[in-house]
Amino acid sequence: MLPPVLRVGGVRRLRPCLRPNSRGHFGRGCVGAHRAHPARVRGATRRARTRVRSGLTAPAGKSSAVPDVLGPSLEVVFCGINPGRWSGAHAAHFANPRNDFWRALHAAGFTPRLYAPGEQYALLALGLGITNAAYRTTPGSGDLRRADFAGAEERLRSLAVSLAPRAIAFVGKEAYRGAFGERPEHGLQARRLGEAFLFVLPSTSPANAAVPWEERLRWFRTLRALVSPSSDS
């Protein structure tokens, strides 16, 4: 049986259902670890309205099944390549239970505990946000076309100038390549957007299983040290 749903800002979302297992993954269909509090629902609605006013929603002619998680003066905005089927179905970033994003975020010290995808708006209180380079939901990133990235660089530049994050971190080389048309290496980039520095992380997708967990975590910890040099990582 599928979990019950609730509405946030007019969008149907799966209600949180299960705790993470011993490997830090969530069960099938699970996008959260606890019931949504009414105040959190109201806060999510206010944030959605703020994004509409700021012009940082999907460009005209494009729509996203997964809303941006954005706010002013964040430490890091993580930029994925595009929503996969799991994320599109649950309206939550990195929702595939085999995706290591949430696990890496916690292990690197960005979050005080392991968050579930359905808790994505709680990241704002930690100075973290999430967006995507392309908005179209696909089975895999290989199904994207160049046209899906049209305007991505300009949109990210507008985000950097208007919201002033300290860093924009691309979760995977292809996310950066899609936005800028360049092949990057992992780590800090020479390019900047506004005052934000750019950083490329390994993809956390299960399709990137050739990169070991320890290697992915090392880059997340490197980013953490850059934005919070006094933190224990």
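The values are calculated or read from the model by the stated rules, or taken from the named source; none is laboratory data. Computed from a predicted structure; not experimentally measured. A quick note on method: Cβ atoms are made from the backbone with ideal geometry, for glycine too, and the neighbour counts reach across all protein chains shown.
Quick look at the numbers
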item	result
Region 193-233, subset assigned to a loop (DSSP other than H, G, I, E, B) and among the aliphatic types (A, V, I, L, M), residue surrounded by the most Cβ atoms within 10 Å (Cβ to Cβ)	V211
Among (1) without any contact (Cβ under 8 Å) to a residue 24 or more places away in the chain; (2) surrounded by 14 or more Cβ atoms within 10 Å (Cβ to Cβ); (3) of a type outside the set (V, I, T); (4) closer than 22 Å to R145 by Cα - the single one A179 does not satisfy	(1)
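Results for (1) outside any loop (DSSP other than H, G, I, E, B); (2) touching a His at 6+ places or on another chain (Cβ under 7 Å); (3) of a type in the set (S, T, N, Q), shown as yes or no for each residue.
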position: H93; (1), (2), (3): no, no, no
position: N99; (1), (2), (3): no, no, yes
position: T111; (1), (2), (3): no, no, yes
position: A122; (1), (2), (3): yes, no, no
position: L159; (1), (2), (3): yes, no, no
position: I168; (1), (2), (3): yes, no, no
position: A175; (1), (2), (3): yes, no, no
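Residues checked against (1) closer than 25 Å to E153 by Cα; (2) among the β-branched types (V, I, T); (3) at pLDDT 95 or above:
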residue: R51; (1), (2), (3): yes, no, no
residue: G55; (1), (2), (3): yes, no, no
residue: A60; (1), (2), (3): yes, no, no
residue: D68; (1), (2), (3): yes, no, yes
residue: R103; (1), (2), (3): no, no, yes
residue: H106; (1), (2), (3): no, no, yes
residue: T111; (1), (2), (3): no, yes, yes
